[in-house]
1. Keeping all protein chains in the complex and leaving out DNA, RNA and ligands, what accessible area do you get for TYR95 with a 1.4 Å probe, in Å² to the nearest 10?
2. What is the distance, in nm, between label points placed 7 Å from the Cα along the Cα-to-Cβ direction at VAL274 and at VAL301?
3. Measure off 7 Å from each Cα along the Cα-to-Cβ vector at SER114 and SER203, then give the distance between these two points in nanometres to one decimal.
4. Just the Kirkwood number for the stretch 208-279, please: inverse of mean 1/r across all distinct Cα pairs, in Å, one decimal.
5. Which order do the peptides 265-278, 215-228, 196-209, 124-137 take when ranked by the mean count of other beta-carbon atoms within 10 Å per residue, highest first?
6. For the pair ASP317 and SER45, what calculated FRET efficiency results from E = 1/(1 + (r/R0)^6), where r is the Cβ-Cβ distance and R0 = 30 Å, to the nearest 0.05?
7. Multiply the residue separation of GLU138 and ASN126 by 0.36 nm, subtract the distance between their alpha-carbon atoms, and state the gained length in nm to one decimal.
8. Between ARG326 and LEU228, what is the label-to-label distance in nm when each label sits 7 Å out along the Cα-to-Cβ direction?
Amino acid sequence: MQSEKFMPSDDDAQTQDKLTQAQLTAIENEIKSSQPLTSQLLPISALLHQYSTTAANDQQQSAGFIQSAQFLSTKYTSLRRVRGDGNCYYRAFLYSLCEHLLLRNSNSNETGGSKEFSRIKTTIVNSLKWVCQFGYEEMTIDMFYEELVELFDFIETSLSAADNNDKSASTSAGAAKDESNRNNNDAPQQQQQLHAKLNEENSTSDYCTWYLRVLTAAQMKSNPDRFLPFLLADETNMMMDIPTFCSREVEPMGKECGMVTVAALAECLGVKVVIEYMDGRLSNNDAAVGGIDIGRSGEVVNHVFGQIHDENDEDRDRICLTLLYRPGHYDILY
């Protein structure tokens with residue numbers, strides 16, 4: 001007698017869908033409760049501590065990361081962790097960009113700060129009509145666009161307030177001392193306000209993150225010959241046109257960012273992005289920790305996106321964001 005194949009009923013399928021969704025929701029809520037959207041500034045030694053702690057459980061896997069963490073500690077002093085929800089690249093890009101603009105304008109030792117802020121804000125303000133040329137409806141994306149514009153208005157207002165305070169201080173006795181303390185007082189306060197704003201759940205960070213996805217997709221659609229060759233070698237091994245790729249891999253929240261989308265966003269806003277790739281590979285040296293070869297140099301490969309060739313003085317003033325990549329995740333380096 002031939003056995004009948006079991007076919008789940010519609011009720012069984014619906015029940016399974018509900019269970020799956022409940023599990024996904026539970027995972028999402030656990031991530032939210034344990035990971036802020038962006039952390040406070042941490043010492044770079046936190047990386048080494050993380051992998052040294054796990055080395056006892058999996059020495060071979062941790063050894064390469066320990067080696068890389070040691071190397072990064074010679075180049076950087078701090079990092080900021082970003083929530084691992086699939087939006088980490090766009091969120092790290094957003095936070096780092098805003099922070100650079102805020103602190104660069106606040107720092108009297110930096111050049112080209114106000115000009116760079118104006119350039120990027122003008123690009124964003126003018127972006128709504130531009131992205132609508134590539135299939136987006138203004139009514140659908142307007143609220144996300146407005147959120148990003150308002151974020152830049154917030155930064156501009158913070159800078160204006162700090163500038164007014166600085167001018168007022170310069171007319172009083174001890175102006176030189178006030179000037180030297182400006183970055184130690186005003187800038188941290190502005191930075192704290194920005195940090196709080198970009199850590200509100202289901203608010204500014206999420207809205208702006210999605211609009212950055214739209215800008216990324218529009219940049220790819222605006223120059224298909226530039227980006228299409230990279231899609232053919234995508235890990236999916238599927239030949240996709242750019243609109244299909246954007247609808248599947250760029251526009252949905254929670255989709256991780258690959259090298260082609262990193263390049264597109266950097267080029268869209270005209271900023272340089274340096275990414276340190278920490279993938280856990282060991283170098284071929286003879287140093288060891290706990291009996292495991294971790295090498296001596298452990299140099300981490302970095303890639304530069306949005307780099308401008310034959311830079312003139314104006315181009316050299318453009319912002320450079322530095323991010324850390326570990327398999328499937330991005331954080332911010334300082």
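1. The value for TYR95 is about 0 Å².
2. 1.8 nm
3. Simple spin-label model gives 3.0 nm for this pair.
4. 12.5 Å
5. The peptides rank, most packed first, as 265-278, 215-228, 196-209, 124-137.
6. It comes to 0.40.
7. 3.0 nm
8. It works out to 3.9 nm between the two label points.
The values are calculated or read from the model by the stated rules, or taken from the named source; none is laboratory data. All of these numbers come straight from a predicted model, not from anything done at the bench. Cβ sites come from the backbone with ideal geometry, for glycine too, and all protein chains shown count toward neighbours. These area figures cover heavy atoms from the full protein model, side chains too; ligands, DNA and RNA do not enter into them. Shrake-Rupley method; radii C 1.70, N 1.55, O 1.52, S 1.80 Å.
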